[in-house]
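To keep things clear, I will list the structure first and then write my remarks on it.
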Amino acid sequence: MKLPYVFILPILIFLFGCADINDKSSNRPNIIFFFVDDMGWQETSVPFYSEKTSLNDRYFTPNMEKLAMKGMKFTQAYACAVCSPSRISLMTGMNAARHMVTNWTLRKDQSPDQPNDTIESPKWNVNGLSAKEGQSRAVYSETLPQKLKRVGYRTIHVGKAHFGARQTSGEDPKNLGFDVNIAGHAAGGPGSYLGKYNYSAIWRAPKQDIWDVPGLDKYHGTDTFLTEALTIEASKAIKDAVEREKPFYLYMSHYAIHAPWEKDDRFYQKYVDRGLDEFDATYASMIEGMDQSLGDIMEMVDELGVMENTIFVFMSDNGSPSQADQNLPLRGHKLTPYEGGVRVPMIVKWSGVTQENSTNNQYLIIEDIFPTFLEMAGIDFEKSDETDGVSFVPLLKGEGDYPKNRPIFWHYPNTYNQPPYSAIRQGKWKLIYHHTNRKLELFNLEEDISERNNFAFQNREKTHELSRALTDHLLSSGALMPWDKIKQETVPYPIEVIKL
């Protein structure tokens, strides 16, 4: 029986369309985003400052050194000051003020923000990133892996997800565009890094199973450290993607070096022998374990013969926690608006594109990952009112235009272990607006990387200019501001409190 032409034509169009996608996808590069949790700017033997510091001498990260020798080191890469906001920004291209996931998420409809006598947090998106429209207190957007998957990528999630609260669609990375999910769920930290405890907190906190790392049952009761288990599983997923002859996007999102801090026995003793105390030796062992993972994955990619067609991007989601030594010369730590909270290590290796052993001092921010990876994958992207990121591919290629003095922003209207604030950097200047006391701080980062000299009163013109730009961003993005309990009013925007 012959099918009428009207039925044959759509079939032919579909088949040729699929063939076109498959043909194009075979030429697309693999992308590995190696994302570390809570790693400070200087917690590596790769110096990101103009000179080596004591932390560079303390830590041993030979594989980061290899990556930097083969690629481009960014000395002024920024993230949000806390984990979930950074993760939603890279998935959507939105700044935290716009997506409104301004603190870490975990339990549905519940905020971890702490009571405060003078300030109340706004009704921010405590449920995180949603896979469907209409979820209350959540943001919905087509994600980076969804866009990559649509053009033929095998999308692989390994490790920490922390995209959406428990019992919401966003808690499962597979709902957000990943073909594979290994060990990712709602929690932002593991119950334990130790296989002998089944990566669970139950041994020390019987009712805290919400932190249990899922899907790694084969390693339960073993001596396999969580970082190593994730690396083994990631390597298998890479091999599978290569065997499928599909380009892959690996989101290698380590739980390390987030709390609980537990020693990685593969590396711990060497740091004790060097005179470090128990905490510092434990912390250092976790960093080296993370670095070993990077080396193992690089080795696997090389063995599979796809190194030249694989892009590596290394980054951290925020600065180091307050329990760790300060990342001097930076001020502050995780959660704070100062450089120690938001400036992070970043390295990019793109064979044939990035210059080997090069350094780039241009600043960029976490939401820029979204358009950059799309451009790397050959996907057309037009910036809209719903996105804030800017592709930094021109910086990698050393050609083309890049907005060198663009404003970048931070927004934390929350009351979790840190008073609320908003901040802007433009050029060498950075302005911080503290919501509780309406204080403004203005720093010249070129001359004062430690943010010790406040020029807000001395340079009124620049303070006003950046206050105006920060206010415009907060208004245009629909940012939520906290409530002043004393004055019974919403905290005013920075331009409303400045007096020339």
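Tabulated results
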| quantity | calculated |
| --- | --- |
| Among residues of segment 482-500, those that are part of a loop (DSSP other than H, G, I, E, B) and crowded, with 18+ Cβ neighbours inside 10 Å, counted | 4 |
| Residue in segment 386-401 that is nearest to residue 475 (Cα to Cα), counting only those that are in a loop (DSSP other than H, G, I, E, B) and among the hydrophobic types (A, V, I, L, M, F, W, C) | 390 |
| Matching residues in segment 205-225 - criterion: being touching a residue at least 40 places away in the same chain (Cβ under 8 Å) and within 24 Å of the chain's Cα centre (by Cα) | 210, 213, 225 |
| So residue 52, is it without any contact (Cβ under 8 Å) to a residue 40 or more places away in the chain and either part of a helix (DSSP H, G or I) or surrounded by fewer than 23 Cβ atoms within 10 Å (Cβ to Cβ) (or both) | yes |
| Residue in segment 366-385 that is part of a strand (DSSP E or B), assigned by TED's automatic domain parsing to the domain that holds residue 152 and not small (Gly, Ala, Ser) present | no |
| Scan of segment 246-289 for residues that are basic (Lys, Arg) and part of a loop (DSSP other than H, G, I, E, B), ordered by number | 246, 263, 266, 274 |
| Failed criterion for residue 420 (all others in (1) out of contact with any Asp or Glu (no Cβ under 8 Å at 6 or more places or on another chain); (2) surrounded by fewer than 19 Cβ atoms within 10 Å (Cβ to Cβ); (3) touching a residue at least 12 places away in the same chain (Cβ under 8 Å); (4) not aliphatic (A, V, I, L, M) hold) | (2) |
| Selection status of residue 78, touching a helix residue (DSSP H, G or I) at 6+ places or on another chain (Cβ under 8 Å), under 22 Å from residue 414 (Cα atoms) and modelled with pLDDT of 95 or more | yes |
| Number of the condition not met by residue 405 [criteria: (1) of a type outside the set (Lys, Arg); (2) crowded, with 20+ Cβ neighbours inside 10 Å; (3) not assigned by TED's automatic domain parsing to the domain that holds residue 161] | (2) |
| Search result, residues across segment 375-405 that are charged (D, E, K, R) and either farther than 26 Å from residue 149 by Cβ or touching a Pro at 6+ places or on another chain (Cβ under 9 Å) (or both) | 383, 399, 401, 404 |
| Count - residues of segment 373-412 that are closer than 22 Å to residue 30 by Cα, touching a helix residue (DSSP H, G or I) at 6+ places or on another chain (Cβ under 7 Å) and without any contact (Cβ under 8 Å) to a residue 40 or more places away in the chain | 6 |
| Residues of segment 159-183 classified as part of a loop (DSSP other than H, G, I, E, B) and under 16 Å from residue 127 (Cα atoms), total | 8 |
| Residue in segment 366-377 that is surrounded by fewer than 24 Cβ atoms within 10 Å (Cβ to Cβ) and either of a type in the set (Phe, Trp, Tyr) or at positive phi (or both) present | no |
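One line per residue, one yes/no per condition, for (1) closer than 30 Å to residue 487 by Cβ; (2) of a type in the set (Ser, Thr, Tyr):
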| position | (1), (2) |
| --- | --- |
| 111 | yes, yes |
| 121 | yes, yes |
| 126 | yes, no |
| 129 | no, no |
| 133 | no, no |
| 147 | no, no |
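The values are calculated or read from the model by the stated rules, or taken from the named source; none is laboratory data. The model shown is predicted, which means the values in this text are computed figures rather than measured ones. Cβ coordinates were reconstructed from backbone atoms using ideal geometry, including for glycine residues, and neighbour counts include every protein chain displayed.
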